[in-house]
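Novice: Below you will find the structure I want to go over with you.
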Amino acid sequence: MTDYYVTVCASCLTASCWHGEHMCESRKTANVCDIKASQLDKEKREHPDNYSREKLLAVCGTIREVRS
C-alpha cells in the first residue's frame, strides 16, 4: 500500500488532537506537522482509525500520497 502524509498536532503527534477529538494540553498553542502514516503506525500513539484514509477524506477532503 502506498504511504501517505497525515497532519498531526506538533506537540502530541496525534491526528485525533488536530481533528479536535482527543485534544492534548498544548492544543491551543501547538503548531501542526506532517508525518507519514507508516511512522505513526510504528509509534502507536493512537488507533490507526484516527488517521485512516477514510478518516482523512472525511476530515480533510484529500489524501496526500508519499512520492518516492
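The values are calculated or read from the model by the stated rules, or taken from the named source; none is laboratory data. Remember, predicted model here, so these are calculated numbers, not experimental data. Note: ideal-geometry Cβ built from the backbone for every residue, glycine included; neighbour counts use all protein chains shown.
Novice: How many residues are exposed (fewer than 13 other Cβ atoms within 10 Å of the Cβ) and of a type outside the set (D, E, K, R) when one looks only at the stretch 48-68?
Specialist: Going through the stretch 48-68 one residue at a time, the tally reaches 7.
Novice: What are the residues in the stretch 1-16 that are modelled with pLDDT under 95 and either of a type in the set (A, V, I, L, M, F, W, C) or touching a Ser or Thr at 6+ places or on another chain (Cβ under 9 Å) (or both), if any?
Specialist: Selection gives 1 alone.
Novice: Shifting gears a bit: Between residues in the stretch 43-55 that are farther than 14 Å from residue 65 by Cα and residues that are exposed (fewer than 15 other Cβ atoms within 10 Å of the Cβ) and at pLDDT 95 or above, which pairs lie under 9 Å by C-beta distance while being six or more apart or on different chains?
Specialist: These pairs meet every condition: 48/41; 55/49.
Novice: Sort out which residues of the stretch 6-33 are surrounded by fewer than 18 Cβ atoms within 10 Å (Cβ to Cβ) and not in a loop (DSSP other than H, G, I, E, B), and write them in order of number.
Specialist: The answer is 7, 32, 33.
Novice: Still on this structure: Criterion first (loosely packed, with under 15 Cβ neighbours inside 10 Å, modelled with pLDDT of 95 or more and within 10 Å of the chain's Cα centre (by Cα)) does residue 36 satisfy it?
Specialist: Details: loosely packed, with under 15 Cβ neighbours inside 10 Å: yes; modelled with pLDDT of 95 or more: yes; within 10 Å of the chain's Cα centre (by Cα): yes.
Considered against the rule, which asks whether it is loosely packed, with under 15 Cβ neighbours inside 10 Å, modelled with pLDDT of 95 or more and within 10 Å of the chain's Cα centre (by Cα), residue 36 comes out as yes.
Novice: Return the total of residues in the stretch 30-42 being without any contact (Cβ under 8 Å) to a residue 24 or more places away in the chain, polar (S, T, N, Q) and under 15 Å from residue 4 (Cβ atoms).
Specialist: Count: 1.
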